[in-house]
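Participant: So that we are looking at the same thing, I have put the structure below in structure tokens.
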Amino acid sequence: MSQPSPNAHLGEPLLDRWLADAARLAPDAGRERWVQEGSLLLRAWGQPHRRYHTVEHLHEVLAALDELAAAGAVREDDALIARVVAWFHDVHHDARATAPGSNEHRSATMARDHLHQLGVADDVVDAVEAGVLMTADHDVSRSGSSTALVAAVHDADLWILSAPRDRYAAYRRQVREEYAHLPEGLFRDGRSAILRGFAGRERLYVTGHAHAAWTGGARANVAAEIADLGAGEPA
């Protein structure tokens, strides 16, 4: 007998959140279409090959966006669009993909197609697409959309770097499990390169709130993981 997903309890509240936002962005589509789309998205996030890029990650990104909005780091109209970006940004995730950014480009294409079908305004669709594509390299400067919107998405997606110790340890295990097909040495080299890229940034988070509230924890977590990877400790 198959075991239920450990994150199954998140499905219903996440769908409720999607329905509330869809009603604002695509009022003419109607509840049946909103439910169909939200259910499709949740099925994608719940694919069995995922370990980190699951509904738990989606929930955490949305929670981080809520924190940023409550702190005044992003306006509600931008926060609304940022939440839609969150839903689509990892809707396609294949850890075996070899072309850089291919997952994000597939996710952005799906977002554009599906949001247009729902009747979402063109400028909103453009903003969602830009936000999703930004997550490929987390370079806000190259985005053509609202700086505040993309900054919020950038920071929320990287909230995990600042997570409490137990959650960060679980995140590390989940990432290794997603890339279990990679030999240990190759994984360590790749993971270290990604983390060193973030560690080398003068400013890890873009918004004022995230910079003040999350930077300390994130730099400590990242530095500890880099040290462990270099020492050959379990990834």
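The values are calculated or read from the model by the stated rules, or taken from the named source; none is laboratory data. For clarity, every value in this text was computed on a predicted model and none was experimentally measured. Virtual Cβ from ideal backbone geometry, glycine too; neighbours counted across all protein chains shown. Calculation scope for accessible area: heavy atoms of the full protein, side chains included, ligands and nucleic acids excluded. Shrake-Rupley method; radii C 1.70, N 1.55, O 1.52, S 1.80 Å.
Participant: What is the number of the single condition among (1) surrounded by fewer than 17 Cβ atoms within 10 Å (Cβ to Cβ); (2) out of contact with any Lys or Arg (no Cβ under 6 Å at 6 or more places or on another chain) that residue 207 does not meet?
Facilitator: Tallying (1) surrounded by fewer than 17 Cβ atoms within 10 Å (Cβ to Cβ); (2) out of contact with any Lys or Arg (no Cβ under 6 Å at 6 or more places or on another chain), residue 207 fails exactly one: (1).
Participant: A further question on this structure: When the residues of the stretch 78-114 are filtered to those that are touching a helix residue (DSSP H, G or I) at 6+ places or on another chain (Cβ under 9 Å) and among the acidic types (Asp, Glu), which remaining residue is farthest from residue 130 (Cα to Cα)? It would help to see each step written out before you state the result.
Facilitator: Here is the first cut: in the stretch 78-114, the ones touching a helix residue (DSSP H, G or I) at 6+ places or on another chain (Cβ under 9 Å) are 78-95, 97, 99, 101, 104-105, 107-112, 114.
Keeping just the survivors that are among the acidic types (Asp, Glu) gives 78, 90, 94, 104.
On the way: 78: 13, 90: 14, 94: 20, 104: 10 Å.
So the residue we want is 94.
Participant: Among the helices (runs of 4 or more DSSP H) lying completely within the stretch 71-177, list those that include at least 1 residues that are surrounded by 20 or more Cβ atoms within 10 Å (Cβ to Cβ) and among the basic types (Lys, Arg).
Facilitator: Numbers: elements: 76-89, 102-118, 122-134, 147-157.
Here the list reads 76-89.
Participant: Can you confirm whether the stretch 52-74 contains a residue that is at pLDDT below 95, among the β-branched types (Val, Ile, Thr) and either under 14 Å from the mean Cα position of the chain (by Cα) or over 23 Å from residue 130 (Cβ atoms) (or both)? Before you say what the answer is, go through the steps one by one.
Facilitator: First, the residues of the stretch 52-74 that are at pLDDT below 95: none.
No, the stretch 52-74 contains no residue that is at pLDDT below 95, among the β-branched types (Val, Ile, Thr) and either under 14 Å from the mean Cα position of the chain (by Cα) or over 23 Å from residue 130 (Cβ atoms) (or both).
Participant: I need every pair where a residue in the stretch 211-227 that is among the acidic types (Asp, Glu) has its Cβ under 7 Å from the Cβ of a residue that is surrounded by 14 or more Cβ atoms within 10 Å (Cβ to Cβ), sequence separation at least 6 or different chains.
Facilitator: Short answer, once both residue conditions are applied: 225/172; 225/195.
Participant: Pairs, please: C-beta under 6 Å, at least 6 apart or cross-chain, first residue within 12 Å of residue 50 (Cα to Cα) and in the stretch 87-98, second open to solvent by less than 50 Å² (accessible area, probe 1.4 Å) and in a loop (DSSP other than H, G, I, E, B)?
Facilitator: Every condition considered, the pairs that remain are 90/53; 93/53.
A quick yes/no check of all residues on (1) closer than 23 Å to residue 49 by Cα; (2) not aliphatic (A, V, I, L, M):
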| position | (1), (2) |
| --- | --- |
| 149 | no, no |
| 155 | no, yes |
| 167 | yes, yes |
| 171 | yes, yes |
| 194 | yes, no |
| 207 | no, yes |
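Participant: I've got another one for you. Which ones in the stretch 1-47 are modelled with pLDDT under 95 and not in a helix (DSSP H, G or I)?
Facilitator: Quick first cut of the stretch 1-47, residues modelled with pLDDT under 95 only: 1-13.
1, 2, 3, 4, 5, 6, 7, listed by residue number.
Participant: Here is a follow-up. Kindly list, by first and then second residue, each pair from a residue in the stretch 31-50 that is farther than 30 Å from residue 181 by Cβ to a residue that is of a type in the set (Phe, Trp, Tyr) and open to solvent by less than 70 Å² (accessible area, probe 1.4 Å), limited to pairs with Cβ atoms under 6 Å and residues at least 6 apart or on different chains.
Facilitator: Once the first residue is farther than 30 Å from residue 181 by Cβ and sits in the stretch 31-50, its partners that are of a type in the set (Phe, Trp, Tyr) and open to solvent by less than 70 Å² (accessible area, probe 1.4 Å) give 38/18.
Participant: Shifting gears a bit: List every residue pair whose Cβ atoms lie under 7 Å apart, where the two residues are 6 or more positions apart in sequence or sit on different chains, the first residue falls within the stretch 1-26 and is closer than 20 Å to residue 48 by Cα, and the second residue, located anywhere, is of a type in the set (Val, Ile, Thr) and modelled with pLDDT of 95 or more.
Facilitator: So the pair list comes out as 7/54; 7/55; 10/55; 11/55; 14/55.
Participant: So residue 36 clears everything in (1) of a type outside the set (D, E, K, R); (2) more than 14 Å from the chain's Cα centre (by Cα); (3) buried (at least 21 other Cβ atoms within 10 Å of the Cβ); (4) more than 28 Å from residue 211 (Cβ to Cβ) except one condition, right? Which one?
Facilitator: Here residue 36 meets the rest and fails (3).
Participant: Sticking with this one: Do we find that residue 59 is in contact with a helix residue (DSSP H, G or I) (Cβ under 7 Å, 6 or more places away or on another chain), open to solvent by 10 Å² or more (accessible area, probe 1.4 Å) and under 22 Å from residue 161 (Cα atoms) in this structure? Before you say what the answer is, go through the steps one by one.
Facilitator: Working: in contact with a helix residue (DSSP H, G or I) (Cβ under 7 Å, 6 or more places away or on another chain): yes; open to solvent by 10 Å² or more (accessible area, probe 1.4 Å): yes; under 22 Å from residue 161 (Cα atoms): yes.
Yes, satisfied.
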